[in-house]
Each structure stands twice: as C-alpha cells, then as structure tokens.
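Student: Structure provided below as structure tokens; questions to follow.
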Ligand code: GLN
C-alpha cells in the first residue's frame, strides 16, 4: 500500500479497496519501522491522524468524494498546527504549541487530508541540506550518508522513502525544488501569492511560498489544489481564480516553446547533470516542444542579492523571538537585555545567528543603501530578464541544482559553498515566478532534477509539461533500495 500515489489512493478509497484508517495505520507502522534511519519527522500525530482518517471514511460512507478525502500527508514543521508542537526545527520553538492552524493546514484538513505529523527541516528554513535542524540531520534515502537537500528535507526524505505519498514544503530560495531534485521527487513552488502564508512561520516574507512535494506531477496537482487560493488573512495572497490543476495534465506539448538559458549551463554545473538535462530536452522535443536558446543576463547577481534580501527580512522576522512572548527563555535573567541576549543566543543555532547578523548589518544605517537597496534593484533586473524571456517562450528549462546530494557534513566548514548550490532556484523566488523540479536521471546512484519555470500563475502549464514527461519516462517511478 505504501507504493501508492495520491491519485491511486483516491481511486482505491473510492472503490473501497481499503479504508483511510487501514492506510493510515499501515503508514504509521512503516514510519515507526523505517524513520529511525532517516529522521524525517520531528513530531508524529498518530491519534489525530487516526481521528482524521475515521472522519474521512465516514464522509466517504456518506457519499462525499474528493481527491484528498482520506489521503495521508504531513506538514513541514513551520506550518502552525493547533495544539501540536510547531518547532521550525529550532530549540527556540521546541516548546511551542501553535494556538491555531495555518491556512494551508486548515484547508487540507477541510479537504479531508490526514496529517501524520510534522516533518524535519533546516532551522527556520535556512539551509540547503537539512543539517541545521535542532533535532539532527535528515538522511537521504538514496544514500544514508548523503543530505536530502533542504530546507524541506524531512518532507522530501519521507515521501521518497515511501513513508507517505506527499507532503507540504516551503520554498524561499529553492527549499521545495532542491530537496525534490536530490531525492527523486516532483516539487512545485507556486507563484508568490498563490498559496496563503498565514500561519507559516516567516523566514523571508517577500520570498516564502508553500507548495507540494510528491512523486508525480499528477499528485502535485492534487495537493496544490487543496493548498491554493485567496486568503484575506494574508495581505500578499492574490485574489486570482484557482484553476483545476488536474484538468489540463494531458494537454498536448505540440509547439510548446521551451527556453534554455545559456547561464544555466555555466561553470560549476556537473557535466553529468548537464547531459541529463539535455536528454530531458530531447524527450520534450519528441513530444512536440520547440527549443529556443535564451539568456538571463543578470542571473550571476542572483546569489549575492538573495543572500542580502533573505537575511535582511529574516533578521526583522526573527526579532519577535525575544524570550518574552514565544519559545525559549533563558534561566534567571539579570535584566531585560540579559533576557534578550541569552534567550536568543541559546535558542538559535549557528546558521540562524549568522543570517540575523548579516541581515541586521545590511539593514543598518549607512549600509542600507549600499546593500539592501542595491539588492532590490538587482531583483528588479532579474524579474525584467524573465519578462523579456517569456515574450518568446512558454517555459524555461534547466538543471535544478549544480550537483547531486553531497555527503552529510561536507560543506559545514564553508557556508558559502552551500549557498552556491541555490544558484538555479533562487531566481524564481526573487521574481515571484512558479517553478517545478522533476526527476530526470541519476549520477552515481543519486537522483538529478530538471527545473521548469513558467510565467506568473501558470502552475498548470508546469504540471502539464511534467506530467507529459512522466508519461514517457520512468525516472520518477524508481524507489530507493531498502525503502
Ligand atoms: N537554501 C536557501 C537558504 O538557505 C533556501 C532556503 C529556502 O528556500 N527556505 O536560504
């Protein structure tokens, strides 16, 4: 049963082949047996899951239908969950039980999804390897000595290891697409504003966006459908109609114009990944797509701009964790300053402290114009590059990451080398565009992803292209040995 996709589960439940309660029990037992190897969950909510599964079975017995009704999922541990620990993988929030559900959590629960628990992640979503978690590193099921990517590494590892069919993630600079690529999953970052950020603990508010991680594009369509939509409680949520994401999966790719940016094949890209990306291009050409070389001339500035803007916003967002209102408080503070200082020094891990320091510096008087303002100008140039490109092409295609998953610990002494791994994903966040990563082959037994980018609100186009590709390839069906 653990091999089933969301689409297959929906059919199995509708045909009464099994109940949601049976499926939920099977997966919880599988998690108990296998997750000690992976560390992909921070909190399991068995009782809540069984309660939700029984309620879903009752709704089906009453004639209700729905692709998510009774489907097991899990949430990255930065979505607030009522009465359940919401830690953001930080000591700071180790004791924090959210007083309400995030909109994404509430919407999926209303659709009948069964939440098995909260998945591990990089602390406050800062990282590309899931090594900065207070609860320990997550292992990649394809090779337990390697990272699963981050920051949504727990969601990715759990889905890749068939502990559950799909999970939520968030993507500020690649945290859905990059772990998807490194674990052989399909992951989608929607257009900024498509999914509500209400109840999602903020990292960099102008970049953060929630989305699905699953094994297939078809399943990403199902999960995204349950997540997307206008939310008056999030002022950056956009009041756009949400299309039926599953309706156009079978649209023809005849004449689809795919732009391949020269800058995506620069120095630093593993040539074996470049070859797999070119193979995927040939596959899409066979399906009728037309390839056009394009240029995104300002891409080289994306990493420096991102690593000013994201820490700047983080330093502001994380100022709320002061030992007074939420989370960790130091013992016996001498005075208020001591309370702030020690609570934050004890509660935040080293990567989070580094980002707060960088961000506060970039925003400080005298440096604001030189760093933050310049970075915002670069952001606009990058957006303009995409707008120019999308005048000529329907989709942009390239690698998701320059390298396959690295060994746990390999980049610990050099944070910048980890930042460089985000080179292909962060441009979509800076521009607010939707992006998807899909499995495209293996290097040394480790999965490789191809990234597709589309104009604003064209998530349906990304899912259509990925689904057609998956009908003609079988990379996404491979599962890691031992899982
Ligand atoms: N790796 C990037 C960072 O560390 C992106 C993380 C994310 O998307 N949450 O900031």
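Read the figures in this text as sums done on the coordinates, not as results from a lab. Everything numeric in this text was worked out from a predicted model, so none of it was measured. When we count neighbours, we look across all protein chains shown, and the Cβ atoms used for this are built from the backbone with ideal geometry, even at glycine.
Student: Along the principal axes of its C-alpha atoms, what lengths does region 103-235 span, in descending order and rounded to whole Å?
Tutor: Answer, in whole Å and largest first: 44, 29, 23 Å.
Student: To continue, here is another question. Rounded, prolate or oblate, given the Cα gyration tensor of region 375-463, with a/c below 1.5 counting as rounded?
Tutor: oblate
Student: Let me ask something else about it. Would you mind getting me the FRET efficiency between residue 380 and residue 262? Use the beta-carbon distance for r and R0 = 35 Å, nearest 0.05. Mind showing how you got there, number by number?
Tutor: Working: r = 21 Å, r/R0 = 0.61.
Approximately 0.95, to the nearest 0.05.
Student: If contacts are Cα pairs under 8 angstrom and at least 6 residues apart, what is the relative contact order of region 140-218 in percent?
Tutor: Value for region 140-218: 33 percent.
Student: Along the Cα→Cβ direction, 7 angstrom out, place labels at residue 94 and residue 247. What is the inter-label distance in nm?
Tutor: 5.0
Student: Could you check the spin-label model distance between residue 29 and residue 205? Points 7 Å from the Cα along Cα→Cβ, value in nm.
Tutor: 4.7
Student: Could you compute how fast region 255-298 diffuses translationally, taking Rh as the Kirkwood radius over C-alpha pairs and applying Stokes-Einstein at 10 °C with viscosity 1.306 mPa s? Give it in µm² per second.
Tutor: 142
Student: Tell me, what are the semi-axes, in whole angstrom and largest first, of the equivalent ellipsoid of region 282-362 as set by the roots of 5 times the Cα gyration tensor eigenvalues?
Tutor: 45, 15, 9
Student: With r defined as the distance between the Cβ atoms of residue 481 and residue 319 and R0 fixed at 35 Å, what FRET efficiency is calculated, to the nearest 0.05?
Tutor: After rounding to 0.05, the efficiency reads 0.15.
Student: Volume per residue, Å³, of the convex hull around the alpha-carbon atoms of region 316-447?
Tutor: Hull volume over Cα atoms, normalised by residue count, gives 169 Å³.
Student: Sum -39500 (n - 2.57) across every DSSP H segment of at least 4 residues in the chain, then divide by the residue count to get the 222 nm mean residue ellipticity, nearest 500.
Tutor: It comes out at -11500 deg cm²/dmol, rounded to the nearest 500.
Student: Which whole-number value in Å³ per residue fits the convex hull of the alpha carbons of region 229-347?
Tutor: 217
Student: Okay, next question. Mind sorting 472, 146 by how few other Cβ atoms lie within 10 Å of their own Cβ, fewest first?
Tutor: 472, 146
Student: Ranked by Cβ crowding within 10 angstrom, fewest neighbours first, how are 292, 76, 282 ordered?
Tutor: By the 10 Å Cβ count, ascending, the order reads 282, 292, 76.
Student: Same structure again: Grab the Cα-Cα distance for residue 279 and residue 387, subtract it from 0.36 nm times how many residues apart they are, and report the gain in nm with one decimal.
Tutor: Additional length available on full extension: 36.2 nm.
Student: Over the Cα atoms of region 97-140, what radius of gyration and what Dmax do you get, in Å?
Tutor: Using the Cα atoms of region 97-140, the pair Rg, Dmax is 13.2, 33 Å.
Student: How far apart, in nm, are two points set 7 Å out from the Cα along the Cα-to-Cβ line at residue 44 and at residue 16?
Tutor: Inter-label distance under the simple model: 3.1 nm.
Student: Per residue, how big is the convex hull of the chain when only Cα atoms are used? Give it in Å³.
Tutor: 136
Student: Over the chain, what is the mean sequence separation of C-alpha contacts under 8 Å (at least six apart), divided by residue count, expressed as relative contact order in percent?
Tutor: 18
Student: Taking 0.36 nm per residue of sequence separation and subtracting the Cα-Cα distance, how much length would be gained by fully extending the chain between residue 61 and residue 292, in nm to one decimal?
Tutor: Gain on stretching residue 61 to residue 292: 78.0 nm.
Student: Among 147, 443, rank each residue by its count of other Cβ atoms within 10 Å, from fewest to most, as a rough exposure measure.
Tutor: By the 10 Å Cβ count, ascending, the order reads 443, 147.
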